[in-house]
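Inspection log for the structure reproduced underneath, given as structure tokens.
The values are calculated or read from the model by the stated rules, or taken from the named source; none is laboratory data. Predicted model, so just to flag it, every value in this text is computed and none were measured. Positions of Cβ are generated from backbone atoms using ideal geometry, with glycine treated the same way; all protein chains shown enter the neighbour counts. Protein only, heavy atoms only, side chains kept; ligands, DNA and RNA dropped before computing areas. Shrake-Rupley method; radii C 1.70, N 1.55, O 1.52, S 1.80 Å.
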Amino acid sequence: MKWKGNNSKCMSDEMIQMYIDNEIDEFEKAGMEKHFAECENCNLRLYEQKKLIFDFKQSISLVNIESIEIPEFKHEKTPVIARKKYRLFYWKWAAAAAILIASSLFIYKKHNTNIQDDVRYIIFDMSSEVDANKPLHEQSMSIYIIDKSGKQIENNINNL
Amino acid sequence: MNNFKDIYNTYYKLVYRLAFKFLGNHDNAVDITQDVFLHLYSQLKLKREIYNTKAWLYKVTSNLCMSFLNKTKRITKHEYENPAVDEVDNEKNIEVVEALKKMNKRDRVLLTLYSEDISYKEMVEITGIKFTSIGKTLSRALKKLKHEMER
């Protein structure tokens with residue numbers, strides 16, 4: 001229902017609402033009161049809107065909170081909610097890859113250094129003559145493998 | 001922090017009532033109320049001044065409720081479709097609050113604040129809706145609400 005078109009003096013719903021809530025200035029208010037006295041339609045609409053507001057306020061006043069107990073205030077922080085899933089996903093894979101690379105590097109390095117640390121000197125004993133003309137099974141060569149402290153790790157290997 | 005305790009005790013029910021009207025659910029309202037006062041606590045701890053405590057509380061409560069509604073939009077929609085949930089809660093719930101739940105967010109905020117007898121000026125501060133459109137929005141929202149309740 002729009003009355004604005006029929007009579008330019010008639011009030012819009014907005015104006016009526018503001019009139020009821022007392023949110024318009026005194027000058028306008030005086031003009032509206034004058035109009036309400038003359039115009040039956042607007043008067044009816046004013047009444048209807050007032051009833052609407054009254055009903056609303058009354059029904060919402062049923063929200064009874066007197067029984068609510070005031071709990072003791074706890075100023076702890078609320079638990080942190082996990083971030084979005086896809087981010088977590090990325091981080092998981094990145095962490096896994098990093099761990100994998102780091103551990104493999106570590107193992108590789110350790111493996112290499114083990115050999116280098118333990119075996120320092122390999123001495124070929126060339127005291128016996130090597131005759132290339134002799135058949136292979138008659139030739140002899142001894143290898144001493146000595147570690148850092150001078151211990152002999154492996155016995156000499158004869159008759160390769 | 002004595003100041004905070006006074007505020008907490010005097011305004012707890014007010015904040016809870018507002019939150020309940022917004023969300024129509026006791027548990028959520030309690031959560032939001034706790035959040036609001038947590039916010040206040042941290043503000044006071046940082047020694048930030050709050051000039052109008054009541055208006056500040058209204059503002060923070062409505063903002064938190066709005067963001068809560070945004071977060072749980074899908075869940076609440078699902079809840080409506082599930083009649084079993086409604087039947088259990090029906091006895092406790094109030095008709096208007098249920099009707100408010102079905103309206104759009106802007107109307108819901110305005111009507112809730114309106115029911116607390118807040119002036120238009122404060123509504124502008126709290127919601128950010130233009131002063132000139134508050135009267136219009138309110139009158140329409142009231143009609144919509146009546147329609148929703150008659151259904």
(message) Suppose the filter is surrounded by fewer than 10 Cβ atoms within 10 Å (Cβ to Cβ), within 57 Å of the chain's Cα centre (by Cα), at pLDDT below 85 and within 13 Å of chain B (Cβ to nearest Cβ); does A:Met11 pass it?
(response) no
(request) Out of the residues in segment B:6-33 that are at the interface with chain A (Cβ under 8 Å from one of its Cβ atoms) and not β-branched (Val, Ile, Thr), state the one that is most open to solvent (accessible area, probe 1.4 Å). (result) B:Asn9
(request) Pick out the one residue from B:Ile75, B:Ile134 that is modelled with pLDDT under 85 and either farther than 20 Å from A:Ser61 by Cβ or hydroxyl-bearing (Ser, Thr, Tyr) (or both). (result) B:Ile75
(request) Please tell me if A:Leu62 is in the same structural domain as A:Glu14 (by TED's automatic domain parsing) and at pLDDT below 85. (result) yes
(message) What's the number of the only condition in (1) open to solvent by 30 Å² or more (accessible area, probe 1.4 Å); (2) under 16 Å from B:Lys21 (Cα atoms) that A:Glu38 fails to meet?
(response) (2)
(request) Please determine, by comparing only the residues of segment B:34-73 that are among the basic types (Lys, Arg) and more than 14 Å from chain A (Cβ to nearest Cβ), which one is most open to solvent (accessible area, probe 1.4 Å). (result) B:Lys47
